[in-house]
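Worksheet: one structure, shown below.
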Amino acid sequence: MSGTLTVVGLGPGSEELIVPAVHDAIAQATDIIGYFRYIDRLKNLRNQKLHASDNRQELERAELALKLASEGKRVVVVSSGDPGVFAMASAIFEVLEKKIFYKKTTKVTILPGITAILAASARLGAPIGHDFCVINLSDNLKSWSIVKKRVTVAAKGDFVIAFYNPRSKARENQLERTFSILKKYCEPSRVVVFADAISTKNEKVISTTLGKADTSLVSMKTLVLIGSSLTKEISDTNYIYTPRYAK
Ligand code: SAH
């Protein structure tokens, strides 16, 4: 019997922001695989077998998922946010691409989730109402020179920029270096928002400017948003938005 492999997104934190199809896939799973913090978020489990692992074990997790699915199990792999955004879906395909056996035996389904930038944007107003880009600041799998190049062209292009993975214990100065690049191309009054743990009980939003931003307030659960030159906070409110036009 051929099994199934479904890669799901658990959204930014709140149970209500998980799409119903993901709840169904989890309910029907025989095996659930993921980073232990995401497995911990699952509620109403029956007797699904849980395979929790530590961070940075994406390829091992992907191997296990494909193996169990090829043996006939109904496997669900959990990611936070959306599984296709800096998460498990690509790791699964990196493994599948190399193994003809999995290509022939295993059908992979990806179920979307609300990614951090969408959750943060909804919380703030409409900051990504015009062209925006998303950059992963982690240099685990890419060199700092690539990060630097992408930050530079995004700033020169006047995009709204969202940074995922702005900080980790292993990478202390990355965000500060990124802000130094931004300061070369953007004015000090540029809107900057630190959207932390959005849609969880620890949610915190700090709205500041490029000139005043204190990067020590950023944690690994923060989405850092840099406005375009037209992004603004509406006076007498907390709404942040970017108009639909560009100049
Ligand atoms: N697949 C996830 C992203 C994983 S990378 C998604 O689609 O959202 C992890 C990074 O996402 C964190 O470092 C942080 O920058 C961002 N992030 C994830 N959840 C968040 C939340 N609830 N609030 C703010 N940022 C979050």
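The values are calculated or read from the model by the stated rules, or taken from the named source; none is laboratory data. On a predicted model such as this, the values are computed, not experimentally measured, just so you know. Backbone-built Cβ (ideal geometry, glycine too); neighbour counts: all protein chains shown. The protein model used for the area step is the full one, side chains on, heavy atoms only, and it has no ligands, DNA or RNA in it. Shrake-Rupley method; radii C 1.70, N 1.55, O 1.52, S 1.80 Å.
Of the set (1) surrounded by 17 or more Cβ atoms within 10 Å (Cβ to Cβ); (2) at pLDDT below 95, all apply to Lys43 but (1).
Table: residues versus (1) assigned to a loop (DSSP other than H, G, I, E, B); (2) more than 18 Å from Ala154 (Cα to Cα); (3) open to solvent by 40 Å² or more (accessible area, probe 1.4 Å); (4) away from the ligand (no atom under 11 Å from the Cβ).
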| site | (1), (2), (3), (4) |
| --- | --- |
| Ser189 | yes, no, yes, yes |
| Ala195 | no, yes, no, no |
| Lys212 | yes, yes, yes, yes |
| Val224 | no, no, no, no |
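Of the listed requirements (1) in contact with an Asp or Glu (Cβ under 9 Å, 6 or more places away or on another chain); (2) surrounded by fewer than 21 Cβ atoms within 10 Å (Cβ to Cβ), Thr115 misses just one: (2).
The number of residues in the stretch 68-104 that are in a helix (DSSP H, G or I) and either free of Cβ contacts under 8 Å to residues at least 60 places away in the same chain or open to solvent by 50 Å² or more (accessible area, probe 1.4 Å) (or both) comes to 13. Selection of the stretch 197-210 for residues being within 9 Å of the ligand (Cβ to nearest atom) and of a type in the set (A, V, I, L, M) yields Ala197, Ile198. Applying the condition of being under 21 Å from Asn55 (Cβ atoms) and either in a strand (DSSP E or B) or touching a Lys or Arg at 6+ places or on another chain (Cβ under 8 Å) (or both) to the stretch 111-136 and asking which residue is nearest to the ligand (Cβ to nearest atom) yields Asn136.
For the stretch 1-33, which residues satisfy the criterion of being touching a helix residue (DSSP H, G or I) at 6+ places or on another chain (Cβ under 9 Å), of a type in the set (Gly, Ala, Ser) and closer than 19 Å to Lys107 by Cα? Ser2, Gly3, Gly9 - these are the residues of the stretch 1-33 that are touching a helix residue (DSSP H, G or I) at 6+ places or on another chain (Cβ under 9 Å), of a type in the set (Gly, Ala, Ser) and closer than 19 Å to Lys107 by Cα. Could we say that Ser207 is over 19 Å from Ala120 (Cα atoms) and out of contact with any Lys or Arg (no Cβ under 9 Å at 6 or more places or on another chain) here? Here the answer is no, as Ser207 does not meet what is asked.
When the stretch 137-166 is examined, which residues are found to be within 16 Å of the chain's Cα centre (by Cα), in contact (Cβ under 8 Å) with a residue 24 or more places away in the chain and either over 19 Å from Leu210 (Cα atoms) or open to solvent by less than 10 Å² (accessible area, probe 1.4 Å) (or both)? Leu137, Ser138, Asp139, Asn140, Ile161, Ala162, Phe163, Pro166 - these are the residues of the stretch 137-166 that are within 16 Å of the chain's Cα centre (by Cα), in contact (Cβ under 8 Å) with a residue 24 or more places away in the chain and either over 19 Å from Leu210 (Cα atoms) or open to solvent by less than 10 Å² (accessible area, probe 1.4 Å) (or both).
Picking from residues in the stretch 177-187 that are open to solvent by less than 40 Å² (accessible area, probe 1.4 Å) and in contact with a Leu (Cβ under 8 Å, 6 or more places away or on another chain), the one that is farthest from the ligand (Cβ to nearest atom) is Cys186.
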